[in-house]
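First the structure, in the form of structure tokens, and then the observations on it.
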């Protein structure tokens, strides 16, 4: 099981740029047609410029469904591996935190000592229970 090919990832990233900017891509022979179909996503000029500067790659990846499908498969595998790693580490976190609290019942405050930010993937029990 290999990782995502960097060159393929870069080329697929161009499709992502177009999608994020609400730009519809079509091909007319060797010409790349770009049209902003969603106009509430801000200024698309940078996206248009990036896509135009990478025209050959954009045209190539638009017609390379096999490579796009391979990228999707590789990305799914990579995300699944990350998901599994997060779940395993989360289980370990919970068990270690429970054990620490049982061994140190008088220790109050953030177990990490820096206050767990609200946007973290995990927060200690004290911070989670004392947030506003």
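Close Cβ contacts (under 8 Å, 6 or more residues apart or on different chains) running from residues in the range 112-132 that are at positive phi to residues that are surrounded by 14 or more Cβ atoms within 10 Å (Cβ to Cβ) comprise 115/127. Can you tell me which of 69, 92 is out of contact with any strand residue (DSSP E or B) (no Cβ under 8 Å at 6 or more places or on another chain), farther than 30 Å from residue 128 by Cβ, surrounded by fewer than 11 Cβ atoms within 10 Å (Cβ to Cβ) and at pLDDT 95 or above? Exactly one of 69, 92 is out of contact with any strand residue (DSSP E or B) (no Cβ under 8 Å at 6 or more places or on another chain), farther than 30 Å from residue 128 by Cβ, surrounded by fewer than 11 Cβ atoms within 10 Å (Cβ to Cβ) and at pLDDT 95 or above, namely 69. Kindly indicate whether residue 78 is modelled with pLDDT of 95 or more, surrounded by 11 or more Cβ atoms within 10 Å (Cβ to Cβ) and in contact with a strand residue (DSSP E or B) (Cβ under 9 Å, 6 or more places away or on another chain). Judged against the criteria, residue 78 is not a match. The residues on offer are 6, 20, and the sole one that is surrounded by fewer than 10 Cβ atoms within 10 Å (Cβ to Cβ) and under 24 Å from residue 71 (Cα atoms) is 6. Of 41, 113, all but one fail to be over 23 Å from the mean Cα position of the chain (by Cα) and part of a loop (DSSP other than H, G, I, E, B); the exception is 113.
Each residue in the range 4-13 was checked for being touching a residue at least 24 places away in the same chain (Cβ under 8 Å) and under 15 Å from the mean Cα position of the chain (by Cα), and 4 of them qualify. In this structure, is residue 30 more than 23 Å from the chain's Cα centre (by Cα), loosely packed, with under 15 Cβ neighbours inside 10 Å, more than 17 Å from residue 68 (Cα to Cα) and at pLDDT 95 or above? Taking the combined requirement at face value, the residue does not satisfy it. Note on the range 120-132: residues that are assigned to a loop (DSSP other than H, G, I, E, B) and at pLDDT 90 or above amount to 3. Among residues of the range 25-54 that are on the phi > 0 side of the Ramachandran plot and without any contact (Cβ under 8 Å) to a residue 24 or more places away in the chain, those with a beta-carbon under 8 Å from a residue that is surrounded by 10 or more Cβ atoms within 10 Å (Cβ to Cβ) and in a loop (DSSP other than H, G, I, E, B) at least six positions away or on a different chain give the pairs 42/21.
Residues that are surrounded by 14 or more Cβ atoms within 10 Å (Cβ to Cβ) and touching a strand residue (DSSP E or B) at 6+ places or on another chain (Cβ under 8 Å) within the range 33-66 comprise 34, 36, 44, 47, 48, 51, 55, 58, 59, 62, listed in sequence order.
Please work out if residue 50 is farther than 29 Å from residue 15 by Cα and not in a loop (DSSP other than H, G, I, E, B). No: the conditions fail for residue 50.
The values are calculated or read from the model by the stated rules, or taken from the named source; none is laboratory data. Predicted model only: the values in this text are computed from it and were never measured. Note that we place each Cβ from the backbone using ideal geometry, even for glycine, and neighbour counts take in every protein chain shown.
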